[in-house]
Amino acid sequence: CLLAGSVLAIGALPGTALANDGYDLWLAPADKGAAAAEVTVIGDSQTLQLAAAELRRDLTAAPLPVVLARADAPELAALGLPTAMLGAEGYLVCAATVAGRPSLLVTGNSDTGVLYGAFAAIRAQKTGGDLAKLDLTSTPKVRLRVLNHWDNLDGSVERGYAGQSLWDWWTLPDFKDPRYTDYARANAALGINGTVLNNVNASPDTLSAAYIAKAAALADVLRPWGIKVYLSARFSAPIELGGLKTADPLDPQVQAWWKAKSDEIYRAIPDFGGFLVKANSEGQPGPRDYHRTHAEGANMLAAAVAPHGGVVMWRAFVYAETDPDDRAKQAYSEFKPLDGKFADNVLVQVKNGAIDFQPREPFHPLFGAMPKTPMMLELQITKEYLGFATHLAYLGPLFEEVLEADTRAKGKGSTVAKVVDGALEGHDLTGMAGVANIGRDRDWSGSTFNQANWYAFGRLAWDPTLSAEALAREWARQTFGDDPRVVDTAVSMMMESREAVVDYTGPFGLAHLMDTGHHYGPGPWVNDLARPEWNPIYYHKADRSGIGFDRTRTGSNAVAQYAPPVARMLADPRTTPETELLWFHHLAWDWKMKSGRTLWQEMVVRYDRGVATVAHMQRQWDGVKDKVDAERWSKTATYLAIQHNEARWWRDASLVYWMSVNGLSLPEGSLAPE
Ligand code: GCU
């Protein structure tokens, strides 16, 4: 047939790799021509068999036979391996003589640990490691490494840009789409061990018997891959589902309802992870409706899941119009006094910044401020504010910046990473959540490069000290192959991409400047929304005299929520990092920047630099056209063209608006010729 013929013809063009639709993610099969590894499994669990299948599929030309075994296997007893330090989920991959045979041993204290070891060996080989010398040991630094799907029961995904929800609720629980298994494999390869199936703006029906059965079917698919299922719970479900008159957490009937509901869930899903809750935020019900605290609400749910070993992830993303002073202060004001009041199986889940996943935000002041409470970091993988699926923005540097931020809570080096991994405050229960960017698109995440954000999140949740650049390289090699020109190009584009978005959407700590509702494209002029803190005007406060939100003592004094050395640094614009200048200060348009230019001149430079960086990314991508398969190359090229147009849109609309406010003109020759 003509169509098939033409497709083949494209694939056969000299120098053009075969088509690739991105479905394989970082699990692209190894070179089919090379010999598969010889793999022996000691033990008979399903997880070990899956690990073996991964190795047989993807590990090639192994110099030694591979042996998979849990550390407690009798065959390993005489080896005296240092497996105690691996904990429950860590792995060890090394050469060892097992049952008299020199082997490449993959081991861990649990089946899942072995599975992670198998994926680590494959990753090592695909990224250039020498199997003959492999000696890998790693233990996750964070216990709960969880994706948050904002998926609705009708198949839509809140802030989802990769198609409909992966979960086909209609055909569940009977039909288990093989894609669920591929999802599990991709996550297990990164060490992700939990998934919240539904939107934080939760429907009460999620907790109905019919949906519990569907969640249980998914849990059955994910379990052998070491992944637990969690559900977002709507706080008022006892009313909507249970027919009670109240959802007051201190009401015995409400407590009994949640207990019975939890028991019902655990009967269907014995290893159910627990609940994620968005309460008293953006119109969601919560304990405050009954004049109870967040701790009282969380603890009530925690008591219901505790007998089964479950946890509650209680979100601190709260703000209400009753406190119009500064939205950025509200979570801290409400949660800080509750430190020490949460039950042992509660984590408080805190977004990386105090507003809402902006292209750049200072770290959230709650990190380091609640030492008695496990603080779970919530990152957004889906790019709600960074150009949806179309703009290329590698989030590794954003995640890294947050994790490396120094809260100074216990002196220098009290990084957010150390708060999150429990090292700073001695917590054993720790967690990191990523709002998923996964949908039913063939390439899962809406674009090839978006896959890297899922990848970086998963790897950082395992070890928050990994470097964003190293992860970019790792991902690029597994995604595009070994050609150094392609890998270097992809890494270079990725590493400049996030800063480009900051530049063209709002430099120097400007934030929340996007258009209403959809959050796509500029809208710094918007000032007619019902709640003051929904309007961009509220955040930038630009007028003829200057621009920026004064969060020092002369303004909202949000800086006082940080530990004293940080608060002192941020109180003075001369010591505030320029990247966050206008987040904390209202400054005159002619404020002198470090470059010697005025603030206004420098803003123009940055907006324009953002556009120029996207053009640079385009040129780099053009340079590898003959090295990347046609399908992924051209989709990326088209998306970069969209991004370039829209970067100009952001720049031009923003500058024109600022000029209408400040009465200034563009500095002579300031915009780079196109
Ligand atoms: C943002 C986002 C909402 C989401 C909310 C949340 O405000 O726009 O769609 O529900 O965050 O994190 O709860």
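The values are calculated or read from the model by the stated rules, or taken from the named source; none is laboratory data. On a predicted model such as this, the values are computed, not experimentally measured, just so you know. Cβ coordinates were reconstructed from backbone atoms using ideal geometry, including for glycine residues, and neighbour counts include every protein chain displayed.
What to note about this one:
- Answer residue from region 435-453, given it is over 14 Å from the mean Cα position of the chain (by Cα) and assigned to a loop (DSSP other than H, G, I, E, B) and is nearest to the ligand (Cβ to nearest atom) among those: GLY439
- Cross-chain or 6+ apart pairs with Cβ under 6 Å, region 478-491 first and under 18 Å from MET617 (Cα atoms), then of a type in the set (Val, Ile, Thr) and surrounded by fewer than 16 Cβ atoms within 10 Å (Cβ to Cβ): none
- Residue match in region 109-132 (condition: without any contact (Cβ under 8 Å) to a residue 12 or more places away in the chain, farther than 17 Å from LEU68 by Cα and not assigned by TED's automatic domain parsing to the domain that holds GLY273): yes
- Residue count for region 165-201 satisfying the condition of being more than 16 Å from the ligand (Cβ to nearest atom), in a loop (DSSP other than H, G, I, E, B) and either hydroxyl-bearing (Ser, Thr, Tyr) or outside the structural domain of THR382 (by TED's automatic domain parsing) (or both): 1.
- Scanning region 449-484 for residues that are out of contact with any helix residue (DSSP H, G or I) (no Cβ under 8 Å at 6 or more places or on another chain), within 29 Å of TYR607 (Cα to Cα) and surrounded by fewer than 24 Cβ atoms within 10 Å (Cβ to Cβ) yields a single hit, ALA470.
- Among the candidates LEU92, LEU64, LEU50, the residue that is modelled with pLDDT of 95 or more and touching a strand residue (DSSP E or B) at 6+ places or on another chain (Cβ under 6 Å) is uniquely LEU92.
- Scanning region 250-302 for residues that are away from the ligand (no atom under 16 Å from the Cβ), outside any helix (DSSP H, G or I), crowded, with 20+ Cβ neighbours inside 10 Å and of a type in the set (Val, Ile, Thr) yields one hit, ILE269.
- Residues of region 316-360 that are within 13 Å of the ligand (Cβ to nearest atom) and among the acidic types (Asp, Glu): ASP356 alone.
- Checking each residue in region 365-385 for being within 13 Å of the ligand (Cβ to nearest atom) and in a loop (DSSP other than H, G, I, E, B) picks out ILE381, THR382, LYS383, GLU384, TYR385.
- Residue that is nearest to the ligand (Cβ to nearest atom), among those in region 234-246 that are in contact with a Lys or Arg (Cβ under 9 Å, 6 or more places away or on another chain) and more than 18 Å from ALA306 (Cα to Cα): ARG234
- For region 503-510, the criterion of being within 16 Å of the ligand (Cβ to nearest atom), outside the structural domain of GLY387 (by TED's automatic domain parsing), over 18 Å from the mean Cα position of the chain (by Cα) and not in a helix (DSSP H, G or I) is satisfied by no residue at all.
So that you can scan it fast, the table gives a plain yes or no per residue for (1) over 20 Å from LEU27 (Cβ atoms); (2) surrounded by 15 or more Cβ atoms within 10 Å (Cβ to Cβ); (3) touching a Ser or Thr at 6+ places or on another chain (Cβ under 9 Å); (4) of a type outside the set (Lys, Arg):
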site	(1), (2), (3), (4)
SER45	yes, yes, no, yes
GLU54	no, yes, no, yes
ALA78	yes, no, no, yes
THR97	yes, no, yes, yes
GLY100	yes, no, no, yes
ASN109	yes, yes, yes, yes
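- Residues of region 202-239 satisfying the condition of being under 18 Å from GLY283 (Cβ atoms), out of contact with any Gly (no Cβ under 8 Å at 6 or more places or on another chain) and part of a loop (DSSP other than H, G, I, E, B): ALA202, SER203, ALA233, ARG234, SER236
- Matching residues, region 56-87, being under 25 Å from THR127 (Cα atoms) and of a type in the set (A, V, I, L, M, F, W, C): LEU59, ALA61, ALA62, LEU64, VAL66, VAL67, LEU68, ALA69, LEU86
- Selected residue (criterion: farthest from the ligand (Cβ to nearest atom)) from residues of region 113-164 that are of a type outside the set (Ser, Thr, Tyr), assigned to a strand (DSSP E or B) and within 19 Å of TYR455 (Cβ to Cβ): LEU136
- Residue count for region 584-633, restricted to those that are over 28 Å from the mean Cα position of the chain (by Cα) and among the aromatic types (Phe, Trp, Tyr): 3.
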